[in-house]
Amino acid sequence: MNFKRLLSIAACLLVVTVNAHARNPGENAQRCVDVSERNGRVTFTNTCNKQIFVIWCGDLKYTKKRCGDGPKGGFYTHSDNLRPGAEKEIVVEGQYRYAACVGGISFGNSGEYEDDARGRYRCLPR
């Protein structure tokens, strides 16, 4: 087998591996989130060895959106991706709710999860 052909095969395998890893498996990641609260600040920490995304809502300091004002009429209003060991801090002035899924999310909700008016959610495979 010549070198160019071998290089082409290796590149294809790399792309397939990266795409398979980046997919959202539709798996709940609640167990991966350590939550700490201090002086009106809430920190979400990813304790798993894979990327997750966290969605949340509540009486947040820097927005007028509340639970139920989410994308496409959803419950959760905010989201962020967390690599293993990463943290996300939010400022809360009262109650908040959160959920988490394995994988990544883009801006808003492009089919990464479903949520209802009571905050129940389901992680979707993508």
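How large is Rg over Rh for the stretch 69-126, taking Rg from the Cα atoms and Rh as the Kirkwood inverse mean of 1/r across Cα pairs?
So for the stretch 69-126, dividing Rg by the Kirkwood Rh gives 0.94.
Label points 7 Å out from Cα along the Cβ direction at R31 and D80: separation in nm?
2.5
With r as the distance between the Cβ atoms of S110 and N39 and R0 = 35 Å, compute the FRET efficiency 1/(1 + (r/R0)^6) and round to 0.05.
0.55
D59: net charge of surrounding residues, Cβ under 15 Å, Lys/Arg +1, Asp/Glu -1, itself excluded?
+3
I want to check the label-to-label distance for E93 and A117. Put each point 7 Å from Cα in the C-beta direction and report it in nm to one decimal.
2.7
Can you tell me the order of 67-79, 24-36 when each peptide is scored by its average per-residue count of other Cβ atoms within 10 angstrom, highest first?
Ranked from most to least packed, the peptides come out as 67-79, 24-36.
Quick note: the coordinates plus some simple rules give every number you see, no bench work behind them. The shown structure was predicted, so the numbers you read here are calculated from the model rather than taken from an experiment. Cβ sites come from the backbone with ideal geometry, for glycine too, and all protein chains shown count toward neighbours.
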